[in-house]
Amino acid sequence: MSKQPIGMFDSGVGGTSIWKEIHELLPNENTIYLADSKNAPYGIKSKNDILKLSVKNTEILLDRNCKIIVVACNTATTNAINYLRANYDVPFIGIEPAIKPAALRSTSKTVGILATKGTLSSSLFHSTAENHASGIKIIERVGTGLVRLIESGKVRSIETKTLLEEYLEPMISAGIDYLVLGCTHYPYLIPVLKEMLPEHVKIIDSGEAVALQTKAILENNKLLNLSKYNPDLQFYSNSNLSVLRSFIDDENAKISSLEF
Ligand code: DGL
């Protein structure tokens, strides 16, 4: 059982930021990563469409015998994880914007959050914000266009910087001291964001927490892979393979095309 892979999916290449955290913490684990770039961005789709895409990805991973599924996408987590948990037997790990740690640490009591429309409009996001950030001013911005640019490999382009300037301006004016990245594509923007934000503003994402949670759930279920062999690291994209390749820097990675 423990040699079965960890399955992961995202609307595209963004979830590789989560894959990296998991692989660093659990280097013996076999993994299968699905980049559903053909259907990106998920963030502008209806809840029902996000649900259908999440089911499709889950079934591909279960057909390949995954022992646990990491939904490496905030949009899919906030819209579909309750359904997935209720309908499939494997454990699911989700990712949600790290509002709670940002709210706890903020001294200006003002926190910015950049995420997709699908995440910010979800009821799961609203209940997390209500439960964990009362007394905190949250400046939300939908990162319209950012996923599309990252999916095209344009992380450092003028277009990307122009959009970020527009999204960050109201947050900076409001006096944020934490910026929460609520989309797994956005950690790839951190070097650009650091150049644009005032020095005292800290950037926070949920990647490390997701990796720790994945390890804990595998341990509790006696599913950790204790083998010392090089792991099998499979990556599949249903769109531009070279973009996916440019986000994975691991000589053992097997990156292939797949229709799904
Ligand atoms: N990586 C996805 C997320 O975390 C991006 C969603 C999208 O495709 O719009 O939300």
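All of the numbers you see were taken from the coordinates with simple rules; none came from a lab. Given the structure is predicted, the values throughout are model-derived calculations rather than measurements. Note: ideal-geometry Cβ built from the backbone for every residue, glycine included; neighbour counts use all protein chains shown.
In order along segment 221-233, phi translates into HN-Hα couplings of 9, 6, 10, 5, 8, 9, 5, 9, 6, 4, x, 8, 10 Hz, rounded to whole numbers, per the Karplus curve 6.51 cos²θ - 1.76 cosθ + 1.60 with θ = phi - 60° and x for Gly and Pro. Size of segment 162-236: Rg and Dmax of its alpha carbons, in Å, are 17.9, 52. For the pair Gln213 and Lys52, the difference between a 0.36 nm per residue extended length and the Cα-Cα distance amounts to 55.4 nm. All other residues whose Cβ lies under 12 angstrom from that of Lys45 are scored, Lys and Arg at +1 and Asp and Glu at -1, for a net of +1.
Ranked for footprinting exposure by Cβ neighbours inside 10 Å, fewest first, Asp249, Asp89, Asp49 give Asp89, Asp249, Asp49. Value of Rg to Rh for the chain, rounded to two decimals, is 0.96; Kirkwood radius and Rg both from alpha-carbon coordinates. At an R0 of 45 angstrom, the distance between the Cβ atoms of Val192 and Arg64 translates into a FRET efficiency of 0.80. Sequentially through segment 124-134, phi angles give Karplus couplings (6.51, -1.76, 1.60; θ = phi - 60°) of 4, 4, 5, 5, 4, 4, 5, 6, 10, 9, 6 Hz, Gly and Pro residues having no value and appearing as x. Label-to-label distance for Ser256 and Ser227 is 1.7 nm, based on points extended 7 Å past Cα in the beta-carbon direction. In loop segments of segment 201-251 as defined by DSSP, the chymotrypsin sites (Phe, Trp or Tyr not before Pro) with at most 12 further C-beta atoms inside 10 Å of their C-beta are Tyr229.
Taking amide H atoms as placed 1.01 Å from N in the peptide plane, the amide H of Lys202 lies under 5 Å from those of Tyr178, Leu179, each 5 or more residues away in sequence or on another chain. Around the amide H of Gly15, modelled in the peptide plane, lies no amide H under 5 Å away from a residue 5 or more places distant or on another chain.
The long axis of helix 47-63 is offset from the longest Cα principal axis of the chain by roughly 30 degrees.
Over the chain, DSSP H runs of length four or greater, each weighted -39,500 (n - 2.57), average out per residue to a 222 nm ellipticity of -13000 deg cm²/dmol.
Taking packing as the residue-averaged number of other Cβ atoms within 10 angstrom, the listed peptides 58-66, 15-23 run from highest to lowest as 15-23, 58-66. Straightening the chain between Ser239 and Ser108 buys 42.9 nm, computed as 0.36 nm per residue apart minus the Cα-Cα spacing.
Considering all C-alpha pairs of segment 35-176, those separated by over 28 Å amount to 26%. Phi angles across segment 103-109 convert, under the Karplus curve 6.51 cos²θ - 1.76 cosθ + 1.60 with θ = phi - 60°, into 3J(HN,Hα) values of 5, 5, 8, 5, 9, 7, 6 Hz, Gly and Pro given as x. Net charge in the neighbourhood of Pro198 (other residues with Cβ under 14 Å of its Cβ; Lys, Arg +1, Asp, Glu -1) is -3. Overall, the anisotropy analysis places segment 136-260 in the oblate class: the square-rooted eigenvalues a ≥ b ≥ c of its C-alpha gyration tensor yield a/c not less than 1.5, with a/b not exceeding b/c. Amide H to amide H distances under 5 Å link Val70 with Gly7, Met8, Phe9, Ile93, where only residues 5 or more positions off or on other chains count and H is placed in the peptide plane.
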